[in-house]
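Structure record follows, encoded as structure tokens.
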Amino acid sequence: MNISVKIAHSVFPNPVTVASGTFGHSEELYAAKEVKCLGAVMPKTVTLHAQEGNPPRRICETPSGMINAIGIENPGIDRFIADKLPKLKKIGVPVMVSISAHSEDDFALMAEKLNAAGGLAAIELNLSCPNLQKKILVAQSAEATAAVVKRVKAVSQYPVIAKLTPNVTDIVEIAIAAESAGADAISMVNTFAAMAIDVHKRRSRIGNFTGGLSGPAIRPIAVRMVCQTAPRIKIPIIGMGGIATTNDALEFLIAGATMVAVGTYNFVNPKAPFEILQGIKAYMKTHKMTDIRELIGSIQR
Amino acid sequence: MKDIQQTYMVSSVAQVNATYFCLTLDAPALAKQVKPGQFIHIKVSDGFEPLFRRPFSVYRAQKGRVEIFFEPVGRGSKFLAEKKKGDTLDVLGPLGKPFTLPGKNVKQVVFIAGGIGVAPFMMFSDRLKGHKAEKILLYGGRTKAHTFAMNEFKKNGVKTFVATDDGSVGIQGRVSELFPKIDIASTTMMYACGPKPMMKAVAEFAKEKGLRGEASMEEIMACGLGACLGCSIPTTKGYRTVCHDGPVFNLEELIFS
């Protein structure tokens with residue numbers, strides 16, 4: 001059974017990975033077989049300089065979901081490369097690194113630093129960052145998305161993945177813009193802008209006032225977006241949004257995703273990606289499939 | 001993950017007074033590993049409601065069994081109250097940083113607890129039976145029904161002093177009114193667990209009197225493993241996760257707004 005997949009020249013042993021910001025538990029767990037079986041690991045988004053993150057409360061639970069506003073707490077790219085990256089590489093599975101920045105120059109500078117660090121399978125651009133000129137997120141503008149992708153592609157030795165926000169009128173348009181600018185893959189989707197209110201205090205339940213909704217609650221919308229986008233682009237999609245079980249992952253693959261990432265559910269069941277991988281293999285066996293490509297995009301229209 | 005994520009069988013669920021329930025797990029490996037102040041993170045239902053696991057301090061860990069106390073008021077703990085003997089639960093643990101054991105030179109150990117916050121101190125006092133220090137518990141609760149286990153503490157050689165909002169047991173007032181029981185002239189170690197205003201009062205008292213101590217903090221938690229950074233609280237070292245850097249922190253590290 002062939003379950004390996006490719007993004008540009010990078011090969012992944014299987015299609016199951018983790019969404020950025022949901023993996024990076026205590027490093028002592030990196031040795032676990034449930035981690036070593038992943039198709040790739042993707043640590044939390046890194047920025048050029050260290051960020052301390054948002055004030056509490058940073059998360060709240062909602063029906064079948066959660067809202068978060070962590071604020072990309074991270075040690076900055078230099079410390080990430082020095083302290084965290086070596087441990088991630090030691091796991092022995094492909095490493096993808098998620099980066100975010102406030103300008104195209106900073107994105108390019110980070111890509112250069114990652115070139116120098118060596119040994120990555122891909123870099124993912126977290127484009128859910130403010131576009132200072134337009135007062136919207138980069139990933140909410142086809143033009144801004146294309147500009148960042150183009151700039152990073154010009155310097156990066158690794159395949160470049162554009163991670164898109166679902167908070168747009170037409171996500172297909174943004175995906176096409178990213179592809180035209182040279183992106184090697186699309187990650188979709190990031191969290192949905194959301195809020196929850198404590199009615200007793202009449203305050204937001206999130207310190208940052210609003211946050212991003214994730215978890216099983218968003219899955220049907222994410223599946224629809226992947227299914228709409230996949231036939232319109234040639235590059236692979238990493239599908240994510242509320243994946244908790246094998247069936248959830250299968251929905252994304254059938255909708256046209258080449259890889260699937262478990263996000264929020266890692267917080268509930270850290271073994272979920274492992275269980276999903278076993279489940280996908282069992283499904284393929286039952287349906288007498290010998291290659292994962294028979295499954296990808298197999299939706300009947 | 002084999003070691004920290006396990007399925008355990010419920011051996012009993014009992015309502016212990018008007019407010020609190022006790023759930024006992026048949027969990028020999030967990031009982032052996034867990035240290036006072038650490039917590040276990042329980043998936044309380046099979047579906048996505050509620051989504052997050054729920055963290056519980058371990059109340060007692062002995063003879064292959066682990067006990068937790070809870071008040072079934074939230075979306076998660078209500079599920080636990082309905083568990084029956086023989087049900088199984090998916091448990092992550094033990095998690096978090098435990099309390100630092102008092103050194104041999106410590107002459108007085110002071111547990112300061114509010115409501116359900118008393119839970120970790122039972123296990124702690126079990127483990128300190130051989131320690132020569134005087135052990136006292138200053139315990140605050142809303143009413144008599146919000147206090148429990150006084151006799152168990154007495155059996156462990158812990159002198160208990162209680163304050164309730166309505167005076168239904170102990171003195172009427174806040175637990176801070178019991179602070180004069182603390183021997184500020186001695187080598188004293190304080191351990192606190194309870195609501196934030198109580199923790200703040202303890203931290204301020206410790207600073208004023210130059211006493212050492214630790215506090216077990218609480219925050220809404222998702223992963224329990226230091227991955228999501230959702231349960232971070234402000235400390236003198238920057239934001240720190242309650243689940244992984246804590247739940248036990250030095251009193252002087254904590255910043256209360």
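Observations on the model:
- In whole angstrom, the stretch A:54-209 maps to an equivalent ellipsoid with semi-axes of 28, 21, 14, each derived as √(5λ) from the alpha carbon gyration tensor and ordered largest first.
- Based on the Stokes-Einstein relation at 37 °C and a viscosity of 0.692 mPa s, and on the Kirkwood radius from alpha carbon pairs, the stretch A:1-136 is assigned a translational diffusion coefficient of 203 µm²/s.
- Using just its DSSP H runs of length 4 or more, each adding -39500 (n - 2.57), the protein assembly as shown gives a mean residue ellipticity at 222 nm of -6500 deg cm²/dmol after division by all residues.
- Once the gyration tensor of the Cα atoms in the stretch A:128-237 is diagonalised, the equivalent ellipsoid follows with semi-axes of 29, 17, 11 Å, ordered largest first.
- C-alpha center-to-center spacing [the stretch A:228-301, the stretch A:124-203] in angstrom: 22 Å
- ³J(HN,Hα) computed for each position of the stretch A:101-115 - Karplus, 6.51 cos²θ - 1.76 cosθ + 1.60, integer Hz, glycine/proline x: 7, 8, 8, 4, 4, 5, 4, 5, 4, 5, 4, 5, 4, 6, 4
- Pairs from B:Lys32/B:Lys129; A:Lys44/B:Lys43; A:Lys84/A:Lys113; A:Lys90/B:Lys35 whose Cα-Cα separation, in the structure shown, is over 21 Å: A:Lys44/B:Lys43; A:Lys90/B:Lys35
- Ranked list, fewest to most other Cβ atoms within 10 Å of each Cβ, for A:His49, B:His146, B:His41: A:His49, B:His146, B:His41
- Relative to its residue count, chain A spans a Cα convex hull of 127 Å³ per residue.
- Look at the alpha carbon pairs under 8 Å that are at least 6 residues apart: their mean separation over the length of the stretch B:162-246 gives a relative contact order of 17 percent.
- Area projected by the alpha carbon convex hull of chain B, averaged over all directions, nm²: 13.3 nm²
- Relative to its residue count, the stretch B:108-216 spans a Cα convex hull of 84 Å³ per residue.
- Take each residue of peptide A:58-66, count the partner chain Cβ atoms within 10 Å of its Cβ, and average: the result is 6.
- Spacing of the two label points (7 Å from each Cα toward its C-beta) at B:Arg75 and A:Lys150, in nm: 4.5 nm
- Förster radius 25 Å - calculated FRET efficiency between B:Asn151 and B:Gln15, Cβ distance, rounded to 0.05: 0.90
- Most mobile of A:Ser187, A:Ser20, A:Ser141 in a GNM of chain A (Cα contacts under 10 Å): A:Ser141
- Computed over the protein assembly as shown, the P(r) tail beyond 39 angstrom holds 32 percent of alpha carbon pairs.
- Both radii are taken from the alpha-carbon atoms of the stretch B:2-130; with Rh as the Kirkwood radius, Rg/Rh is 0.98.
- At an R0 of 56 angstrom, the distance between the Cβ atoms of B:Lys84 and A:Ser298 translates into a FRET efficiency of 0.80.
- Packing-based ranking, highest mean first, of B:126-132, A:142-148, A:66-72 given that Cβ atoms within 10 Å are counted: A:66-72, A:142-148, B:126-132
- With each label modelled as a point 7 angstrom along the Cα→C-beta vector, the B:Ile184-B:Lys129 pair spans 3.5 nm.
- The length gained on full extension between A:Ala50 and A:Gln278, counted as 0.36 nm times the residue separation minus their Cα-Cα distance, comes to 78.3 nm.
- Extension gain, A:Glu27 to A:Met1, is 6.2 nm, computed as 0.36 nm per intervening residue step minus the present C-alpha separation.
- When only the Cβ of Lys, Arg, Asp and Glu is charged (+1, +1, -1, -1), the dipole of chain A relative to its Cα centre reaches about 380 debye.
- Extension gain (nm, one decimal) between A:Lys90 and A:His9, 0.36 nm per residue minus Cα-Cα: 27.0 nm
- Cross-link reach is defined here as a Cα-Cα straight distance under 22 Å, omitting same-chain residues fewer than 8 places apart; for A:Lys201 the lysines meeting it are B:Lys196, B:Lys200.
- Under 13 Å from the Cα of A:Lys33 - aspartates and glutamates, other chains or at least 8 residues apart: A:Glu275, B:Asp3
- Largest first, the extents of the alpha carbon coordinates of the stretch B:155-226 on the three principal axes equal 39, 32, 28 Å.
- Partners for A:Lys150 among aspartates and glutamates (Cα-Cα distance below 18 Å; same-chain residues under 8 apart left out): A:Glu104, A:Asp105, A:Asp106, A:Glu112, A:Glu124, A:Glu173, A:Glu179, A:Asp184
- Counted by neighbouring Cβ atoms within 10 Å, the residues B:Met150, A:Met96, B:Met217 run from fewest to most as B:Met150, B:Met217, A:Met96.
The numbers here are math on the coordinates, done by the rules we state, and not lab data. None of the values given here were measured: they were computed from a predicted structure. Glycine also receives a Cβ, built like all others from the backbone with ideal geometry; neighbour counts cover every protein chain displayed.
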